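**Student:** Okay, handing you the structure first.
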Amino acid sequence: MQGEKDTDHQLMPLDSFSGSLSTRVHLVLKDAILSLFYKPGEILRKTEICETLGVSRSPVTEAVAKLAAEGLVEVVPQAGTFVSRFSMDDIREGAFLREALEVAAVEYVALNITDQQKVLLRRNLRMQEALAEDGDVEGFLQMDADMHNLIMSFTGFKRLATLADTTWTQVSRARHLHMPTPGRMQSSVAEHAAIVAAIIDGDPETAKQAIRNHVRQLVKYIEPLETERPELFKPV
């Protein structure tokens, strides 16, 4: 596995992001780690990254420090910088926190959603269905994230989406392992459809149960991977 690259996903260009140079390098590398372009346990070679992105060593070093603070890489003195392996404890904790935030969000949104917000959710769901039908995993995952972010944004609480993303980092990365499983995208669309329908119907209790089921399904799909792909996980 180490050293192999996902041909469906490459390092994004720096101009895909805004901010300082080190911020953009950080976001490029973070995207590469979350998408599994860089695999758990793989060494990050700063010289290679500098050459690929056309930057000096300083912004790469700053970016790596941010990734280490986020738990996405481990810096081992005299050995190098390695992409962190998955931890089921971290994944379960992240899912627990994300569930709490999403349950509160869908309850609020179901009681306060506007007609324009309903249009946005329906449109997003249609795009998910098309991407799942086409087998476009990366496109589907992006549209999936967009749906959850829409719901968070509909609460009007500006820091909520950022907080939710922080709790979800490790789960988001692990989802790239299980989402290509045959039928999983279609199951996710069905789970999302249940959430959206309950929100649009103004039914907070059903919306809360639907989001709980969705988050717990994700963890259920990820858990077997610890046995099936032990090289990607931290030793128990």
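The values are calculated or read from the model by the stated rules, or taken from the named source; none is laboratory data. Keep in mind that what you see is a predicted model, and the values were worked out from it rather than measured. Counting neighbours? That spans all protein chains shown, and the Cβs are built from the backbone with ideal geometry, glycine included.
**Student:** If I ask for residues that are under 25 Å from SER172 (Cβ atoms) and exposed (fewer than 15 other Cβ atoms within 10 Å of the Cβ), which ones from the stretch 47-60 would you list? Don't jump to the end; show me each part of the working.
**Tutor:** Residues of the stretch 47-60 that are under 25 Å from SER172 (Cβ atoms), as a first pass: 48-49, 52-53, 59-60.
Those that are under 25 Å from SER172 (Cβ atoms) and exposed (fewer than 15 other Cβ atoms within 10 Å of the Cβ): GLU48, THR52.
**Student:** Could we say that LEU125 is modelled with pLDDT of 95 or more and either in contact with a Leu (Cβ under 6 Å, 6 or more places away or on another chain) or part of a helix (DSSP H, G or I) (or both) here?
**Tutor:** In short, yes.
**Student:** If I filter the stretch 73-97 down to residues being over 18 Å from LEU225 (Cβ atoms) and touching a residue at least 12 places away in the same chain (Cβ under 8 Å), which single residue comes out as surrounded by the most Cβ atoms within 10 Å (Cβ to Cβ)?
**Tutor:** VAL73
**Student:** On the given criteria, is GLU4 closer than 21 Å to GLY80 by Cα and at pLDDT below 90?
**Tutor:** Judged against the criteria, GLU4 is a match.
**Student:** Is the stretch 125-146 home to any residue that is touching a residue at least 12 places away in the same chain (Cβ under 8 Å), of a type in the set (Lys, Arg) and surrounded by fewer than 20 Cβ atoms within 10 Å (Cβ to Cβ)? Steps first, please.
**Tutor:** Keep residues of the stretch 125-146 that are touching a residue at least 12 places away in the same chain (Cβ under 8 Å), which gives 125, 127-129, 131-132, 135, 137-138, 140-141, 143-146.
Then drop every residue that is not of a type in the set (Lys, Arg), which leaves none.
Taking every residue of the stretch 125-146 in turn, none turns out to be touching a residue at least 12 places away in the same chain (Cβ under 8 Å), of a type in the set (Lys, Arg) and surrounded by fewer than 20 Cβ atoms within 10 Å (Cβ to Cβ).
**Student:** Take THR206 and decide whether it is surrounded by fewer than 14 Cβ atoms within 10 Å (Cβ to Cβ) and either on the phi > 0 side of the Ramachandran plot or modelled with pLDDT of 90 or more (or both).
**Tutor:** Criteria not met by THR206.
**Student:** Something else now. Got at least one residue in the stretch 211-223 being part of a helix (DSSP H, G or I), without any contact (Cβ under 8 Å) to a residue 60 or more places away in the chain and of a type in the set (A, V, I, L, M)?
**Tutor:** Checking the stretch 211-223: not a single residue is part of a helix (DSSP H, G or I), without any contact (Cβ under 8 Å) to a residue 60 or more places away in the chain and of a type in the set (A, V, I, L, M).
**Student:** Let me ask something additional. Which condition number does PRO40 fail, the rest of (1) part of a helix (DSSP H, G or I); (2) surrounded by 14 or more Cβ atoms within 10 Å (Cβ to Cβ); (3) not hydroxyl-bearing (Ser, Thr, Tyr) being met?
**Tutor:** That leaves (1) as the condition not met.
**Student:** I'd like to check something: does the stretch 65-85 contain any residue that is in contact with an Asp or Glu (Cβ under 6 Å, 6 or more places away or on another chain), within 25 Å of PRO235 (Cβ to Cβ), of a type in the set (A, V, I, L, M) and outside any loop (DSSP other than H, G, I, E, B)?
**Tutor:** Yes, because at least one residue in the stretch 65-85 is in contact with an Asp or Glu (Cβ under 6 Å, 6 or more places away or on another chain), within 25 Å of PRO235 (Cβ to Cβ), of a type in the set (A, V, I, L, M) and outside any loop (DSSP other than H, G, I, E, B).
**Student:** Checking PRO180 against (1) within 25 Å of ASP89 (Cα to Cα); (2) part of a helix (DSSP H, G or I), which single condition isn't satisfied?
**Tutor:** Checking PRO180 against (1) within 25 Å of ASP89 (Cα to Cα); (2) part of a helix (DSSP H, G or I), the one that fails is (2).
**Student:** If you don't mind, another one. Looking at this structure, is ALA197 among the small types (Gly, Ala, Ser), in the same structural domain as ARG126 (by TED's automatic domain parsing) and at pLDDT below 95? Before you say what the answer is, go through the steps one by one.
**Tutor:** Details: among the small types (Gly, Ala, Ser): yes; in the same structural domain as ARG126 (by TED's automatic domain parsing): yes; at pLDDT below 95: no.
Spelling it out, it is not the case that ALA197 is among the small types (Gly, Ala, Ser), in the same structural domain as ARG126 (by TED's automatic domain parsing) and at pLDDT below 95.
**Student:** Given THR167, THR162, which one is touching a Lys or Arg at 6+ places or on another chain (Cβ under 7 Å) and either in a helix (DSSP H, G or I) or among the small types (Gly, Ala, Ser) (or both)?
**Tutor:** Within the list THR167, THR162, the selection yields THR167.
**Student:** Does the stretch 20-36 hold any residues that are farther than 16 Å from GLU231 by Cα and either of a type in the set (Ser, Thr, Tyr) or in a loop (DSSP other than H, G, I, E, B) (or both), and which are they?
**Tutor:** Answer for the stretch 20-36, where residues must be farther than 16 Å from GLU231 by Cα and either of a type in the set (Ser, Thr, Tyr) or in a loop (DSSP other than H, G, I, E, B) (or both): SER20, SER22, THR23, SER35.
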